[in-house]
Amino acid sequence: MGSRLLARSAAARLLSHLRRRTPDPTHRLLPHGASLASLLGPTGDIPAAADSALLRYPARWSSSSTAAFAEVPMTADGLTVESIAGKGWTILPEAESDWRSHAAAVAQSIKLIKKRLKWGWILERTKQLAVVLEKPDLWDDPVFAGRVSREHGELMGKIKSVNQFEQELIEHIDMLRLAREENDNELEMESMRALADMRRSAKEKELNALLSGDNDSCSCFIEVQAGAGGTESMDWAAMVMNMYRSWAQRWGYTITVVEEMPGEVAGIKRATIKVDGEYAFGYAKAEVGVHRLVRISPFDSGKRRHTSFAAVAVIPILGDASSRYQIKDSDLRIERFRSGGPGGQHANTTESAIRIVHIPTGISATCQNERSQHMNKASAMAVLQSRLDQLEIARQAQMNAEHTQSLNEISWGNQIRSYVLHPYRMVKDLRTNYEVSDPDSVLEGDLDDFILNYLSSSLDEAEVSV
Amino acid sequence: MATLSLSSRPLTFLRPNRTKPPLHRLLRHKPLASSSASALTPPTPRADPSPTPDPDPTPLFLRSASHPVPAAALASFRRRAAALVPPSAPHLHRHLRWLLVDAAADPSSDPALLRAPLDDLEAMWTRHVRERRPFQYVVGNEHWRDLVVAVREGVLIPRPETEAVVDMIRKVEGFADGWWADLGTGSGAIAVAVARELGHEGRVFAVDVSEVAVEVATLNVQRYGVQGKVEIRHGSWFEPLEDVKGKLMGVISNPPYIPTDDLPGLQPEVGWHEPKLALDGGKEGLEHLLHLCEGLSSVLKPGGFFVFETNGNKQSEFLVDLISTKWNSSFHNVEAVLDFAEIKRFVTGYRR
Ligand SMILES: C[S@@+](CC[C@H](N)C(=O)[O-])C[C@H]1O[C@@H](n2cnc3c(N)ncnc32)[C@H](O)[C@@H]1O
């Protein structure tokens, strides 16, 4: 872990020695009893090069993964992260120099992070992948092998980073107590500061752990569709779309309109935007579902109250080519705008909408935003590809497709949020009960609190299932 | 059809059209708001449909963004311009959006930096809406395939149907390192798109009889940096190609093919504004196509490919029939190819 403190203190070396001699052989991290030791491989830093070499040569990997032992980091007097978290030490504000409080805060965070990462599942999955990686014929299918070793590498990375964090906590605690014993004021202060720093980075890690899903780091498409109710709902759909555009803008994401079907009088019937940037999908997926608006209708001369609905779907744009759905050209029907007349040199038009239908699945995509048919076709293909990828994700993982369902599948009963402009003003998330009394700022894209609340509640309250 | 004289040469079109350099005439324009005539009432066609040239021949989108305009003034232009167009004309609203995209380097800055004075933009917009001057001439470009092709009055605006030509020839064996001719290159759209896909040895000879076309094609070739692959030659059809006779991998042409009799009935954007030289195919619209068919076998090398765009089913069927009977000994696999509207838009074949 190469910490500054270790390097400058002989005591530190002594300490880590001590720790190494006293592993707890009975320790079980996993609820289902699998020992961490058999899963983790070396706890020390594997140099990056060796790491990837191991992944490339499964045979060598297997020998080292079974040979190595992981230890649960433990202080000289036997404290572990888990036991610290269980002590119920009072957590004081960060400014208070109380190591117990710092340690308890960090330990709580680590617990939360593990929960968000689905720790039990990760360990189990890593174990399974390691078994697969040992198969001698694995590389006969390089695409599959690549996918397995990539996933294994990613999971190992997560495990390693949490383990290092735990180790760091333990070492700082040891160091601090040692400094006290030896009346080394400077070292004590430094350790205290290090613990306080850890609290801050732990909070950051908690947030990052909210976005640790498979496709969370991807860019995405956001689609909004007006519910029944004509102009009223179409206007609402346009407001919702604007909300996402502003939200994405705040994040510095790049936004492209892919498709837009305007309403006859106002608003949109349906629209799709592409949101490009890191973690766009991870955040936006929290918005999937039906959004409800209550207001005095600007379109109703009788000034009555109306309720409108708009449905939101979010589709990840997969970066990894090998996991993408293979589209056959012969399965596509490409429909273009036709002037209807003789065409060619007779006609001048800038209309260039393209619709592509994937015949076997009936899934289609339209693009009319680009100025040439050629480009519209490319954009529509990208949307179609992602829609088919989405199907593929659901099929392959047979996972709960809640976050990636398409607009067609959204049931209008699945209301996630209510926006009330009259008779009182409030936005309330029906899943988390999080609410604010300032709908305007939400409609201007101030959505982060809703999103984070939802992400944390959905992960933190989820059953840990393996 | 059968009565057509197959040896007729398109004499009337051999002389280059002497388009004068665009007049730097300042367009006088009324402010949009004070207009009384309905925006959509087309004016009666002028007796002389020759296009009014733009004061600045440089396409708008290529001019330098050197005209600061306060954001508020730009916004009020946008409102005035939009008010000229009814909601029932969504394409015009789209055009307004694109006009602003092309006219402003960064439309959200204040002041916005425009590529033309606001007054000029007003004038351009009015002409577009009132005189049905094609939007592509207004902004000076057409988005075609993945290219932004510069265009101006005097060259044909490339059509979406023609995009398919590039895909067809790309599939020809030996495409990448072959020599190709694009006859009647106009803006150079086909030549540039082809050149961008060629290999090291590949070349395109882009021929046009129109001086404006030669100028605009040169601009587009330079913009896409393919001057090493495209040679632009000024002249009529095969005449400038004496030195490459028998060496061409393929010939591509979208010649003028509209029957002279049909010209008066054309959509105003086309009939009033696009060059007759690029549209008028003479009697039955076949004069140039027939001339091209005749010269084909002497420029193509054995195994060489050709693709012509035509006016549609009637012309294509006629040409397929003609080539595979009269010149059966020179060509094989001659067929009509559909465009996206399922019209037989192209005739393709191989030299034996
Ligand atoms: C229909 S336009 C095609 C332009 C361009 N290839 C395109 O597809 O957009 C026909 C072109 O043929 C040119 N042309 C007309 N007569 C010609 C001739 N005798 N020799 C060479 N080019 C000619 C016109 O100037 C015009 O640019």
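For a protection proxy built on the mean count of beta-carbon atoms within 10 angstrom, sort B:219-228, B:296-305 highest first, please. Could the numbers behind the result be given before it?
On the way: B:219-228: 17.3, B:296-305: 19.3.
Descending packing order for the listed peptides: B:296-305, B:219-228.
Dividing the convex hull volume of the Cα atoms of region A:245-298 by its residue count, what figure in Å³ per residue is obtained?
107 Å³
For an R0 of 56 angstrom, estimate the FRET efficiency from the Cβ-Cβ distance between B:Ser329 and A:Glu335 and round to the nearest 0.05.
According to the calculation, E is roughly 0.85.
Over region A:277-385, what lengths in whole Å, largest first, do the semi-axes of the equivalent ellipsoid take, defined as the square roots of 5 times the eigenvalues of the alpha-carbon gyration tensor?
Numbers: eigenvalues 214, 134, 33 Å².
Semi-axes from the Cα gyration tensor: 33, 26, 13 Å.
How high is the FRET efficiency from A:Thr307 to A:Asn414, r the C-beta distance, R0 22 Å, rounded to 0.05?
E(calc), rounded to 0.05, equals 0.90.
Please turn the phi angles of region B:147-154 into ³J(HN,Hα) values with the Karplus equation 6.51 cos²θ - 1.76 cosθ + 1.60 (θ = phi - 60°), one per residue in order, whole Hz, x for glycine and proline.
Listing the rounded values in order: 9, 10, 8, 6, 9, 7, 3, x Hz.
Give the calculated FRET efficiency between A:Glu392 and B:Gln227 to the nearest 0.05, with a Förster radius of 45 Å applied to their Cβ-Cβ distance.
The computed FRET efficiency comes out at 0.50.
Can you pull out the chymotrypsin sites (Phe, Trp or Tyr not before Pro) in region A:291-365 that DSSP calls coil and that have at most 15 other Cβ atoms within 10 Å? Spell out each step's value before the answer.
On the way: sites: A:Phe299, A:Phe309, A:Tyr325, A:Phe337; in loops: A:Phe299, A:Tyr325, A:Phe337.
Answer by residue number: A:Phe299.
Once both labels are modelled 7 Å past Cα along the beta-carbon direction, what's the A:Ile296-B:Ala82 spacing in nm?
Roughly 2.5 nm, to one decimal.
Rounded, prolate or oblate: which fits region B:154-351 when a ≥ b ≥ c are the square roots of the eigenvalues of the alpha-carbon gyration tensor, with rounded for a/c under 1.5 and prolate only if a/b beats b/c? If you can, show how the numbers build up before the last one.
Numbers: a/c = 1.56, a/b = 1.07, b/c = 1.46.
In terms of gyration-tensor shape, oblate.
When the label point is put 7 Å from the Cα of B:His91 along its Cα-to-beta-carbon vector, which residues of region B:129-171 have a backbone N closer than 17 Å?
Of the residues in region B:129-171, B:129-144, B:157-162 have backbone N under 17 Å from the label point off B:His91.
If you average the alpha carbon positions of region A:167-204 and of region A:332-356, how far apart do those two centres end up, in angstrom?
Using only Cα atoms to place each centre, the spacing works out to 70 Å.
No value in this document is a laboratory result; all are computed from the given coordinates. Because the structure is predicted, anything quoted here is derived from the model rather than measured. Here the Cβ is made from the backbone with ideal geometry for all residues, glycine too, and neighbour counts use every protein chain on show.
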